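Input: a single structure, listed below in structure tokens.
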Amino acid sequence: MPHITLEYSANLEQRADMKALCMHVRDAALATGLFETGAIRVRAFRCDHYAIADDHPDDAFVHIDIRIGRGRTEEDKKMLGQAVFDRAAEELAPLFETPHLALSLYLQEVPPESSWKKNGIHRRFRKN
Amino acid sequence: MPHITLEYSANLEQRADMKALCMHVRDAALATGLFETGAIRVRAFRCDHYAIADDHPDDAFVHIDIRIGRGRTEEDKKMLGQAVFDRAAEELAPLFETPHLALSLYLQEVPPESSWKKNGIHRRFRKN
Amino acid sequence: MPHITLEYSANLEQRADMKALCMHVRDAALATGLFETGAIRVRAFRCDHYAIADDHPDDAFVHIDIRIGRGRTEEDKKMLGQAVFDRAAEELAPLFETPHLALSLYLQEVPPESSWKKNGIHRRFRKN
């Protein structure tokens, strides 16, 4: 953890740099100090079919889901959600100058008893 | 909100009009009167790899996730889920004539304290 | 049910057989005896954009979400999650020899009152 999943409409592929957005979102999450580098996985899924509002061809969306393990305070969760959201909004600022972008974010906790993991990437970052 | 996400097997790309399905689902959700036009985002994600039942090549699925904010009654939520499900089933009716389609829908509430949003599309619809 | 959704980074497309992984995951779920053949839908979504850890080009992830209906014991759920996770880890074993793969799994229950379904595939498997 954390898992951060972006969904976006295909019409953003040429108007925004989704790879860069993934990296900015990762940087914002790491900057909170809540997570190890090796634990973070940000990914973006493009949908080719969609119907947004009245189907104006310029209408677009980015939705962000954050899933974290239990154990953070309410304050930490607020900080994390806000930090990721603000960074995404900043990166997408040019698109907010038009009335055609909807950005949203949900943060969710995953109970440890419903979670399994094996992470080989930690080997590159953990010293002990 | 609401967020409506469809997942579908790639073998439906030629057998169903997924863009039209997104629009029908949007229309059904808006017709409930529970949502503003500018708030709705329906999107469909195709999976290229899948294993359904015994892997018959004609087997296909459509799954719909609806996520809404808090504040609707249980009755409203039932009505919404049923309306969207019925419309999707109607649109996919020809495929139900074969024993090869599974359709499903889940509806989920998102707590406001775990949710962030910025929606430029509302500007085109809200008068005040 | 069950719904089993895999997400994976696009750099695995050439390094792992994702179709085969879907089938192995399905087999592992069916082998628990908890589900009917006609009920199972495993699907895998590729993300083309992502940022994993420090963005090493070899870093990759597979994440598995399992969603099931209510009614299984805690023991059954543990068994199911473990069986699917172990099978996926086994299939991806060559990738775990490098410090570049993160595998994870979440299991979630869906309340029946928030769930709608119509499954034509059962006709091929149910005798009565």
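A short reminder: the numbers here are calculations on the coordinates, not readings from a lab. From a predicted model like this one, the values you see are computed outputs, not experimental measurements. Quick reminder, even Gly has a Cβ in these numbers, built from the backbone with ideal geometry, and neighbours come from all protein chains shown.
Do we find a residue being more than 30 Å from A:GLN82 (Cα to Cα) and among the small types (Gly, Ala, Ser) anywhere in region B:105-126?
No, that holds for no residue.
For region B:92-106, check the following and say yes or no: at least one residue is surrounded by fewer than 19 Cβ atoms within 10 Å (Cβ to Cβ), among the aromatic types (Phe, Trp, Tyr) and outside any strand (DSSP E or B).
Among the residues of region B:92-106, at least one is surrounded by fewer than 19 Cβ atoms within 10 Å (Cβ to Cβ), among the aromatic types (Phe, Trp, Tyr) and outside any strand (DSSP E or B), which makes the answer yes.
Going by the conditions given, is A:ASP65 more than 10 Å from chain C (Cβ to nearest Cβ) and either small (Gly, Ala, Ser) or closer than 26 Å to C:ALA102 by Cβ (or both)? Before the answer, list the steps.
Working: more than 10 Å from chain C (Cβ to nearest Cβ): yes; either small (Gly, Ala, Ser) or closer than 26 Å to C:ALA102 by Cβ (or both): yes.
Considered against the rule, which asks whether it is more than 10 Å from chain C (Cβ to nearest Cβ) and either small (Gly, Ala, Ser) or closer than 26 Å to C:ALA102 by Cβ (or both), A:ASP65 comes out as yes.
For region B:1-12, which residues satisfy the criterion of being of a type outside the set (A, V, I, L, M, F, W, C), within 21 Å of B:LEU107 (Cα to Cα) and not in a loop (DSSP other than H, G, I, E, B)?
Let us first name the residues in region B:1-12 that are of a type outside the set (A, V, I, L, M, F, W, C), namely B:2-3, B:5, B:7-9, B:11.
Still in the running and within 21 Å of B:LEU107 (Cα to Cα): B:2-3, B:5, B:7-9.
B:HIS3, B:THR5, B:GLU7, B:TYR8, B:SER9, listed by residue number.
Could you list, in sequence order, the residues of region B:22-35 that are within 8 Å of another protein chain (Cβ to nearest Cβ) and not basic (Lys, Arg)? Quick ask: steps written out before the conclusion?
Going residue by residue through region B:22-35, those that are within 8 Å of another protein chain (Cβ to nearest Cβ) are B:22-23, B:25-26.
Within region B:22-35, B:CYS22, B:MET23, B:VAL25 qualify.
Give the residues of region A:32-53 that are among the small types (Gly, Ala, Ser) and within 14 Å of B:MET18 (Cα to Cα), sorted by residue number.
Of everything in region A:32-53, just one residue is among the small types (Gly, Ala, Ser) and within 14 Å of B:MET18 (Cα to Cα), namely A:ALA51.
On the given criteria, is B:ARG15 within 7 Å of another protein chain (Cβ to nearest Cβ) and outside any strand (DSSP E or B)? Reasoning before the result, please.
Numbers: within 7 Å of another protein chain (Cβ to nearest Cβ): no; outside any strand (DSSP E or B): yes.
Considered against the rule, which asks whether it is within 7 Å of another protein chain (Cβ to nearest Cβ) and outside any strand (DSSP E or B), B:ARG15 comes out as no.
Within region C:89-103, does at least one residue satisfy the condition of being away from chain B (no Cβ under 14 Å), among the small types (Gly, Ala, Ser) and within 25 Å of B:PHE45 (Cβ to Cβ)?
yes
Residue check, B:SER9 against (1) touching a residue at least 40 places away in the same chain (Cβ under 8 Å); (2) within 9 Å of another protein chain (Cβ to nearest Cβ); (3) under 12 Å from the mean Cα position of the chain (by Cα); (4) buried (at least 21 other Cβ atoms within 10 Å of the Cβ), all met but one. Which one?
(3)
Among the residues of region B:36-59, how many are more than 13 Å from chain C (Cβ to nearest Cβ) and touching a helix residue (DSSP H, G or I) at 6+ places or on another chain (Cβ under 6 Å)? Before the answer, list the steps.
Just the residues of region B:36-59 that are more than 13 Å from chain C (Cβ to nearest Cβ), to begin with: B:36-42.
Pick out the ones that are also touching a helix residue (DSSP H, G or I) at 6+ places or on another chain (Cβ under 6 Å) and you get B:38, B:40, B:42.
Total meeting the criteria: 3.
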